[in-house]
Amino acid sequence: MKFCEESNRILGYEIKTSRTVNKFHITYNELQKAHMMKYSYYLFFIFIEEGVNEYYGYIIQNPIKELQLNFLELTEPVHTGNAAVIPNQFRISMELEYLEQIKCDIILNKRVRKN
């Protein structure tokens, strides 16, 4: 999280990368922050296109609303008699048409390498 002086509010963000054009994993805690912070929360999705060595960036403000996720329903414990299963990790698969709509003019062509 980061304080933004311009808007005088705290902003939350999560960065997700994937070698698949429209899929990434997200945790319960990350979804919970997005649910609580709403429009103050941003998800940065970076698609790594192997072979052509290009990276594409997408910015999703308020991902719970934008991706039409029902946080409370998704995270509801499932009772199985003697136990409860609590959802903790999720795989998000976005529609390609949606990605085309939110496409940014961000192309990240330089790789950062650790020494």
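Miscellaneous remarks
- The condition (being surrounded by 16 or more Cβ atoms within 10 Å (Cβ to Cβ) and charged (D, E, K, R)) is satisfied by just one residue among E30, E54: E30.
- Within segment 66-98, the set of residues being closer than 15 Å to R19 by Cβ and either of a type in the set (S, T, Y) or modelled with pLDDT under 95 (or both) comprises S93 only.
- Subset of segment 78-109 [in a loop (DSSP other than H, G, I, E, B) and among the charged types (D, E, K, R)]: E95, K103, D105
- Here P63 fits the description: at pLDDT 95 or above, out of contact with any Gly (no Cβ under 6 Å at 6 or more places or on another chain) and surrounded by 11 or more Cβ atoms within 10 Å (Cβ to Cβ).
The values are calculated or read from the model by the stated rules, or taken from the named source; none is laboratory data. If you're wondering where the values come from, they're calculated on a predicted model, not measured in any experiment. Please note: Cβ atoms are built from the backbone with ideal geometry, for glycine as well, and neighbour counts cover all protein chains shown.
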